[in-house]
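One structure is given below, encoded as structure tokens.
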Amino acid sequence: MKSKRANLPVNIFFLIFSLGFIIPFILIISSSITDEQTLITEGYKLIPHKFSLEAYKYVMKSPGQLLNSYKVTIFYSLVATAFSMVVMTLMAYPLSRSSYKYKKPVTFFIIFTMLFSGGLIPTYILMTKYLHLQDNIWVYILPNLANAFHIIVIRSFFQGLPPSLVESAKIDGARELQVFYKIVLPLSKPVIATVSLLNLLARWNDWNTALIYIRSKELFSLQYLLQQILREVQFIKDMAESSPVAGISINLTQLPSETIRFALCIVAAGPMLIIFPFFQKYFAKGLTVGAVKE
Amino acid sequence: MSKLKREQVNLTIKKKSKWGVFRDNFELSMMLVPGIIFFLVFSYIPMLGVIIAFKDYRNNLGIFGSEWVGLRNFKFFFTSQDAFRIARNTVGYGLVFIILGIVCAVAIAILLYEVKNRLFLKFYQTTMILPHFLSWVIVGYITYILLEPNMGILNQIIKFFGMEGINWYLEPKYWVVILPVVHVWKSVGLSCIMYYAALMGIDEQLFEAASIDGASKWKQICYITIPSLIPLMTVLTILNVGGIIKGDFGLFYNIPRNVGLLYPTTDIIDTYIYRGLQTGDDIGITTAVGLFQSFVGFVMVVATNKIVKKISPENSLF
């Protein structure tokens, strides 16, 4: 009983503390379902004074650009995650084998990329002038195929597997690649899940790749589209004009531009915000597993 | 005796030739090929590209055609008035973020440890970690709702108390507080959960024994809880120490919305380099700034690791 009473102030603190994380989301939702005029005269409110779904109607009427960005983002997120998991697990496996002769230099080769980088400008010149990745969907995928920190995380997990498994398979005449995908990979589902999720989240939230390398609207990622919408109302007008629904003329002066912004934000960010917290424990784990030590 | 044995062993195991070693490791080496190509192309070639920092880069002449200018780019930057501003902002915010990040995360983790109700615990953890799943763009939306001068929540509150609303996007001085608050808001949940996980590893008997001996809650925190968190704190600090000079571009670009008037307190090396890329002139100078940043970050991480290794080897990173 005594411990429960001592807990009360702590719980009150945390209830207020959690409000600090919940209220911002409520603010976005309520701004998106407020009547445009009410919003402009009264400002953003926690609970809308005059309720309206007008903004969502506009978004649904001309979803062209939004749908397109959704497609682009889903495509590159999945492809990049899948490819990078192949590259990274393949690389982590030899480094986890104590008998592998070139383990030390290769590990150094990888870790050095964590410590030093060429910087934005040389990368930009390489990507645009020599690899011709500007305005190309592969710019979302190729530069993110491997990440030194993630390779080390995967390697550490592999090292934790009993070495006798690998040895006995080798004695039975299995080739390295067979050992890798028949024994090591099936045993490593936890780390593969964790790192895949970290990658997926990073790709999904990627806005700066498009900021730097993408000019054509067809290739905008979701987050970059959102950023453009927050920056300029023009974008919303363009979307309304290119409405594929024939016969519907939209009066641009009455376009609920403020509320549309937040409606788009909800439509674009909502699904992931509901899905990702379910995998919460993987994210926390992913960072603590990373014992970089030799 | 032992010497004799060693010689015998040497006799029985024939030293393999270099070719033999290579052949034995061939299969494993092949698995590294995609990754090595990746790092060569996307990490090491840009590293060579830093020679632009020592050249007067002209787009039409290319990297190799442009003229060498020695350290002129560095000199030009360090004598410009931007240098002091962006260096002060980058390092200043970097230090504040690290210290504030640790203090908040550890304090909240210790408080969270006092919550015994499983359901409440889960609820607090989930709300805290939500911002981690948001991109900086969405966080930009949230700060916009709060700070918008006419309709924003903060100004509504200020006006409610009868004071004059503040145009946040025109007043640099407030950003010294706004940016750290936003940073902590986004990152505290995840690091707090990591510290909490470390706390769960402490043997409860330590606390029981301490309270039998009459140690107050505060004493227990000082002598049991915090010392047991120190290994994790060191590892996270070493990982972040390079970040003192490497600012979070997402935060500094999306939250102040690239407003020129705010540059005195919001411009950091990374936003400066990005603008250099946008305008396209002074590519050499911008590259020099980037190289300087990478180099200082590198030195800081290696030095911190060395120091930690001296004091307590088991906490060092590599």
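Any read-out appearing in this document is the output of simple, stated calculations on the displayed coordinates, not a laboratory observation. Being a predicted model, the structure only gives us computed values, none of them experimental. Virtual Cβ from ideal backbone geometry, glycine too; neighbours counted across all protein chains shown.
Structure notes:
- Stokes-Einstein D for the stretch B:166-248, Kirkwood Rh over Cα pairs, 10 °C, 1.306 mPa s (µm²/s): 100
- Residues whose placed amide H lies under 5 Å from that of B:Lys55, excluding near-sequence neighbours: B:Val69
- Residue by residue, the stretch B:38-43 carries 3J(HN,Hα) couplings of 4, 5, 4, 6, 8, 10 Hz when phi is fed to the Karplus relation 6.51 cos²θ - 1.76 cosθ + 1.60 (θ = phi - 60°); x denotes Gly or Pro.
- Within the stretch B:258-300: backbone nitrogen closer than 11 Å to the B:Ser80 label point (7 Å, Cα to C-beta): B:272-277, B:279-290
- Folded to 0 to 90 degrees: helix A:103-115 orientation relative to chain A principal axis, Cα: 20
- Note on A:Ile22, A:Ile266: ascending count of other Cβ atoms within 10 Å places them as A:Ile22, A:Ile266, the fewest first.
- Each residue of the stretch B:143-156 was assigned a 3J(HN,Hα) from its phi angle through the Karplus expression (A = 6.51, B = -1.76, C = 1.60, θ = phi - 60°), giving 5, 5, 4, 6, 9, 3, x, 8, 10, x, 5, 4, 5, 4 Hz with x at Gly and Pro.
- Hydrodynamic radius by Kirkwood, which averages 1/r over all alpha carbon pairs of the stretch B:110-204, in angstrom: 15.7
- Amide H to amide H distances under 5 Å link B:Ile166 with no residue, where only residues 5 or more positions off or on other chains count and H is placed in the peptide plane.
- The calculated 222 nm mean residue ellipticity attributable to helices in the protein assembly as shown amounts to -21000 deg cm²/dmol, summing -39500 (n - 2.57) over DSSP H runs of n ≥ 4 and dividing by all residues.
- Put a dot 7 Å past the Cα of B:Met30, heading toward its Cβ, do the same for A:Arg231, and the two dots end up 4.8 nm apart.
- Fewest-first ranking of A:Ser77, A:Ser156, A:Ser84, using other Cβ atoms within 10 Å as the exposure measure: A:Ser156, A:Ser77, A:Ser84
- For chain B, a Gaussian network of Cα nodes joined below 10 Å ranks B:Ile245, B:Ile307, B:Ile193 by mean-square fluctuation, and the top entry is B:Ile307.
- Residues listed by number, the stretch B:79-104, amide nitrogen under 13 Å from B:Lys173 label point at 7 Å toward C-beta: none
- Computed over chain B, relative contact order equals 25 percent, with contacts defined as Cα pairs under 8 Å that lie 6+ residues apart.
- Checked against a 29 Å cut-off, the cross-linked pairs B:Lys173/B:Lys219; A:Lys103/B:Lys309; A:Lys104/B:Lys309 give Cα-Cα distances beyond that limit for B:Lys173/B:Lys219.
- Extension gain (nm, one decimal) between B:Phe295 and B:Phe318, 0.36 nm per residue minus Cα-Cα: 6.4 nm
- Split chain B at each of the trypsin sites (Lys or Arg not before Pro) in a DSSP loop with at most 14 other beta carbon atoms within 10 Å, and the longest piece is B:117-318.
- Neighbour-count order for A:Leu39, A:Leu142, A:Leu19, fewest beta carbons within 10 angstrom listed first: A:Leu19, A:Leu142, A:Leu39
- Neighbourhood charge, 14 Å Cβ-Cβ cut-off, centred on B:Lys159 and excluding it, Lys, Arg +1 and Asp, Glu -1: -2
- Summarising the label geometry, the points placed 7 Å from Cα in the beta-carbon direction at B:Ile230 and A:Ile192 lie 4.1 nm from one another.
- Shape class of the stretch B:23-172 from the Cα gyration tensor (axes a ≥ b ≥ c, square roots of the eigenvalues): oblate, since a/c reaches 1.5 or more and a/b does not exceed b/c.
- In units of the compact-protein estimate 2.2 N^0.38 Å, chain A shows a Cα radius of gyration of 1.29.
- Hydrodynamic radius (Kirkwood) for chain B, which is based on Cα pairs only, to one decimal in Å: 24.4
- Angle between chain A longest axis and helix A:257-275 axis [Cα atoms, degrees, rounded to 10]: 30
- Positive dipole terminus of the stretch B:63-210, leading residue within B:Ile193, B:Gln156, B:Ile108 (C-beta point charges): B:Gln156
- Net charge of Cβ neighbours under 12 Å - reference B:Val91; Lys, Arg +1; Asp, Glu -1: +3
- Angstrom value of the Kirkwood radius, inverse mean 1/r, which spans all Cα pairs in the protein assembly as shown: 27.3
- Charged neighbours of B:Asp56, selected by a Cβ distance under 11 Å, balance to +1 (K, R count +1; D, E count -1).
- Test item: Cα-centred dipole of the stretch A:28-113, Lys/Arg +1 and Asp/Glu -1 on Cβ, debye: 740
- Karplus 3J(HN,Hα) series, Hz, for the stretch A:220-227 with 6.51 cos²θ - 1.76 cosθ + 1.60 (x for Gly, Pro): 4, 7, 4, 5, 5, 4, 4, 5
- Multiplying the residue separation of A:Phe108 and A:Arg175 by 0.36 nm and removing their Cα-Cα distance gives an extension gain of 21.5 nm.
- With coordinates expressed along the principal axes, the C-alpha atoms belonging to the stretch B:159-313 extend over 67, 52, 19 Å, beginning with the largest.
- Spin-label model, B:Ile202/A:Ile183: points 7 Å from Cα along the beta carbon direction are separated by 4.2 nm.
- Cβ charges +1 (Lys, Arg) and -1 (Asp, Glu), total dipole of the stretch B:79-212, debye: 220
- Proximity of backbone amide H atoms, modeled 1.01 Å from N, is registered between A:Thr34 and A:Ser52 at under 5 Å, excluding neighbours fewer than 5 places apart on the same chain.
- Relative contact order (%) - criterion: Cα under 8 Å, at least six apart; region: chain A: 30
- When only alpha carbons are used to place a centre, the stretch B:132-206 and the stretch A:139-182 end up 40 Å from one another.
- Once you reduce the stretch A:197-212 and the stretch B:60-126 to the center of their Cα atoms, the two points are 19 Å from each other.
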